[in-house]
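The values are calculated or read from the model by the stated rules, or taken from the named source; none is laboratory data. As the structure is a prediction and not an experimental result, all values here were calculated from the model. For neighbour counting, all protein chains shown are included, and Cβ atoms are generated from backbone atoms with ideal geometry for every residue, glycine included. These accessible areas exclude ligands, DNA and RNA; they are computed on the full protein's heavy atoms, side chains included. Shrake-Rupley method; radii C 1.70, N 1.55, O 1.52, S 1.80 Å.
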Amino acid sequence: NTATGRLLLAGKSDEIINEFVDKAGLPSRGAWGEVDSKERLFEELHKIRERKAVILESDTYLAQIGFPIIDSDGNITAAIGSFIPKYRFEGSHKDEVIAGVLNTAQAVSKKLAEKK
């Protein structure tokens, strides 16, 4: 249900996602409101794969951001993110927070790529 959790799930194969959903079920309605079926979950995970980012601002008090850590084979191997009070997630500060977390994710991914 978190930004980083969604990224990690999006990085898995369809087979693993199906196994996960069979064991854990779909996300709760309040946690990921637009997901009400397995098909809708796959649609949302596909969008995340394309964007390579999750930014959630639906909570009343907190915003969440997450970016993938991509290994040397191009797989999402981890994720880095941040929770921030929504009142601080505005204007140029919002842009700075997003850029900082994105830059960190890219730097770690680059280090992983160099190790191959």
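Excluding Leu7 itself, what net charge comes from residues whose Cβ is under 15 Å from its Cβ, given Lys and Arg +1 and Asp and Glu -1? For residues surrounding Leu7, the net value is +3.
Which value in deg cm²/dmol, rounded to the nearest 500, describes the helix-derived mean residue ellipticity at 222 nm for the chain, given -39,500 (n - 2.57) per DSSP H run of n ≥ 4 and division by the residue count?
Numbers: 4 runs with 57 residues, N = 116.
My calculation for the chain gives -16000 deg cm²/dmol from helical runs alone.
Spacing of the modelled spin labels on Phe42 and Lys115, each 7 Å from Cα toward Cβ, amounts to 3.3 nm. For segment 1-78, the set of GluC sites (Glu not before Pro) satisfying both a DSSP loop assignment and a count of at most 14 other C-beta atoms within 10 Å is given as Glu34, Glu57.
Projecting the Cα atoms of Val35, Ala113, Thr77 onto the charge dipole of the chain, computed from C-beta unit charges around the Cα centre, puts Ala113 farthest toward the positive end.
Taking the Cα centre of the chain as reference, the dipole from Cβ charges on Lys and Arg (+1) and Asp and Glu (-1) amounts to some 340 debye.
Over all projection directions, the Cα-based convex hull of the chain averages an area of 7.5 nm². Just the number, please: carbon plus sulfur as a percent of the accessible area of the chain, 1.4 Å probe, no ligands or DNA/RNA counted. Here carbon and sulfur together make up 51 percent of the probe-accessible area.
For a straight C-alpha distance cut-off of 23 angstrom, the lysines reachable from Lys86 (same-chain residues fewer than eight places away being disregarded) are Lys52, Lys94. Note on Ser58: accessible area is roughly 110 Å² with a 1.4 Å probe, heavy atoms of protein only. Think of a 1.4 Å ball rolled over the protein heavy atoms: segment 37-116 then has 63 Å² of accessible area per residue.
Highest GNM mean-square fluctuation, the chain, Cα pairs closer than 10 Å: which of Val21, Val101, Val35? It is Val21. In whole percents, the pair-distance distribution calculated for segment 20-65 from its alpha-carbon pairs, binned every 10 Å from zero, is 24, 51, 25, 0.
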